[in-house]
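Data first, discussion second: the structure below is written as structure tokens.
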Amino acid sequence: MQSLLVDGGKRLSGEVWISGSKNAVLPMLAATVLFQEPCCIQSCPNLTDVDAAVEILTHLGARVERNDDCLCVDPRPIWRWDIPDELMNRMRGSVFFAGSLMARMGKCRLTQPGGCSLGKRPVNFHIDGLTALGASPDNDNEGVFSGHLVGTEIVLPYPSVGATENLILAGVGADGVTTIHNAAREPEISCLCDFLRAGGCRISGDGTACIRVDGGLPVSSQMQVIPDRMEAATFACAAASAGGDVLLCHVEPGHLSSVLDVLQRAGCDIVYVDGCLRIQAGDLISPGSITTAPYPGFPTDAQAPMMAALLRAKGTTMIDETVFSDRLNHITGFQAMGAHIERNGNCACIHGVDHLHGRTVTAQDLRGGAALTVAALAAQGKTTILGLRHILRGYEDFALKLRSLGADVHQA
Ligand code: EPU
């Protein structure tokens, strides 16, 4: 099993470039299916989840070319609509192809996608929304839907990021107007809408809870992916955990407000200068309580890295995970490293300790794996983090970037 080796206890200093956002680029790659001409995505991160999306596109018949961080897709030769289970299971982002394939081919196969194990992750909102737009399940073939899409009003029971994105993609291929109420407001959704608008689509209201999509397929587009706010949050937490003076370049501070607010309450000095965030961290204090919530609330994806940063903060921190039903698996690893945490259901009560110790621990999901690394940077001695494959799904050059800040982190 591939692992990360961390020799902790070194303060971080220097500058790091934040890559394009994983969770923005995955729906954009699914969106390329809708275009009538080739389109290019710049600042595309090099991640195994992106590789999986490219494999799906290639399987469908698209031509995909990558030059450094620019990924160009020619969707014109696409002729298939079915995605085999093996490809669906690789990542959660495979679910987005349902909306765009329904829109382009009038047919799709929507089975349970892969992705991190965070408790229950049903796709009922996606299916209900596509059904409202006119997709009908095929009785003989499990997971196969077909039909002609016609715009309608959809009310999501919860502002699901993935369902919002999927229904925008489907709405683009539907006749007439699709309105999504109680839509998610995450910046990755606006990035997807910008990409589609650059191709001529008429979409409004993204960033609010009500999105309107006028049907009509995009022509061609070229766009830069927004900076990855979760990678930025993880590096900010790494600086807070290990202490130091770190510059995060290529960031959108407005996307990080709730995370930066907690770090400031914990005692970090944070300023935004010349397009970079400067984070200076020494001894931390508890920021009080943190509750995860849909954007603009505190992001569930930053919950584990933030918990890692606060393991040595003076006082008691309460963290309540409300978005996913089981996303606290990293606690076991933190406890093995000497953290004092009480878990009660989806809540964690963290009592700051003076020291953490290096241990062998196992990453069980993407953000949990990154969080174990964040904790290991502050621990005395050596930590081995097993399950590196989880981290590689969402962090480009993770070890290399941490080394550029003076950390002793190597892949093995
Ligand atoms: N939900 C349902 N039914 C559905 C869809 C969602 O009950 O049909 C529930 C989920 O079970 C969960 C909640 O709604 O309890 C929120 O899920 P959401 O659909 O918003 O999440 P997602 O689209 O599956 C994306 C990101 C996640 C991120 C969440 C929340 C991608 C590829 N994934 O997942 O990212 O945590 O939004 O912000 O965009 C990660 O990057 O590590 C990651 C897990």
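General observations
- Here the chain carries DSSP beta bridges of which approximately 70% are antiparallel, counting only pairs with both residues inside.
- Accessible surface calculations at 1.4 Å, restricted to protein heavy atoms, place the chain at 37 Å² per residue.
- Interatomic Cα distance distribution for the range 39-184, bins of 5 angstrom, percent: 2, 10, 18, 22, 21, 16, 9, 2, 0
- Projected area, mean over directions - the range 104-191, Cα convex hull, nm²: 6.2
- Net +/- balance of residues flanking residue 90 in space, Cβ distance below 13 Å, scoring K and R +1, D and E -1: -2
- Once Rg and the Kirkwood radius are both taken over the C-alpha atoms of the range 148-251, their ratio Rg/Rh works out to 1.12.
- Rg and Dmax, both from the Cα atoms of the range 1-69 and both in Å, are 16.3, 53.
- Here's the picture: a label point sits 7 Å out from the Cα of residue 42 along the beta-carbon direction, and within the range 1-23 the residues with their amide nitrogen under 15 Å of it are 20-21.
- Within a Gaussian network of the chain (alpha carbon springs, distance under 10 Å), most fluctuating of 258, 21, 94: 258
- GluC sites (Glu not before Pro) within the range 98-172: DSSP coil, no more than 13 neighbouring Cβ in 10 Å: 142
- Residue separation of residue 70 and residue 351 scaled by 0.36 nm, minus their Cα-Cα distance, works out to 96.7 nm of gained length.
- Set of the range 52-70 residues, backbone N closer than 20 Å to the point 7 Å along the Cα-Cβ line of residue 79: 55-65
- FRET efficiency estimate (nearest 0.05) - Cβ-Cβ, residue 177 to residue 404, R0 60 angstrom: 0.80
- Annotation: the range 137-188 has a Kirkwood hydrodynamic radius of 12.1 angstrom, from the mean reciprocal C-alpha pair distance.
- The label-point distance for residue 89 and residue 340, in a model that sets each label 7 Å from Cα toward Cβ, rounds to 4.4 nm.
- In the range 263-401, a dipole from Cβ-located charges (positive for Lys and Arg, negative for Asp and Glu) runs towards its positive end, and of 328, 271, 391 it is 391 whose Cα lies farthest in that direction.
- Bridge orientation summary for the range 285-412: considering DSSP beta bridges with both residues in this region, about 55 percent are antiparallel.
- q = 0.06, 0.11, 0.13 Å⁻¹: log10 I(q)/I(0) that the Debye formula gives for the chain, counting C-alpha atoms only: -0.24, -0.78, -1.05
- With Rh defined as the Kirkwood radius, the inverse of the mean 1/r over Cα pairs, the Rg/Rh of the range 204-308 is 1.07.
- Largest to smallest principal axis extent of the C-alpha atoms in the range 161-216, angstrom: 24, 21, 16
- Viscosity 1.567 mPa s, temperature 4 °C, Stokes-Einstein D of the range 229-282 from Kirkwood C-alpha radius, µm²/s: 121
- Cα Rg, Dmax (largest Cα-Cα span) when computed across the range 341-412, Å: 13.0, 38
- Label-point separation in nm, residue 139 to residue 220, each point 7 Å along Cα→Cβ: 4.6
- Loop trypsin sites (Lys or Arg not before Pro), the range 73-161 (other Cβ atoms within 10 Å of the site Cβ: 15 or fewer; DSSP): 80, 120
- Shown here are the Rg and Dmax of the Cα trace of the range 264-412, at 14.9, 43 Å.
- Volume in Å³ per residue [convex hull over Cα atoms, computed for the range 204-245]: 114
- Cα-based Lys pair tally, the chain, threshold under 27 Å, eight or more apart or on separate chains: 9
- Here each label is just a point 7 Å from Cα along the line to Cβ, and for residue 120 and residue 273 those points are 5.0 nm apart.
- For the chain, the fraction of 1.4 Å probe accessible surface lying on carbon and sulfur atoms is 49 percent.
- Reported to the nearest whole Å, the Cα centre-to-centre distance from the range 284-343 to the range 68-134 is 31.
- Size descriptor, Kirkwood hydrodynamic radius, that averages inverse alpha-carbon separations across the range 99-143, Å: 11.7
- Of 252, 188, the residue with the largest accessible area leads and the full order is 252, 188 (1.4 Å probe).
- For the range 321-366, the spread of Cα coordinates along the three principal axes comes to 30, 22, 12 Å, biggest extent given first.
- Counting all C-alpha pairs of the range 370-412, share separated by more than 13 Å (%): 52
The values are calculated or read from the model by the stated rules, or taken from the named source; none is laboratory data. Just so it is clear, the model here is predicted, and its values are computed rather than measured. All Cβ positions, glycine included, derive from the backbone under ideal geometry; neighbour counts span all protein chains shown. Accessible surface is based on the protein model in full, side chains and every heavy atom, while ligands, DNA and RNA are left aside. Shrake-Rupley method; radii C 1.70, N 1.55, O 1.52, S 1.80 Å.
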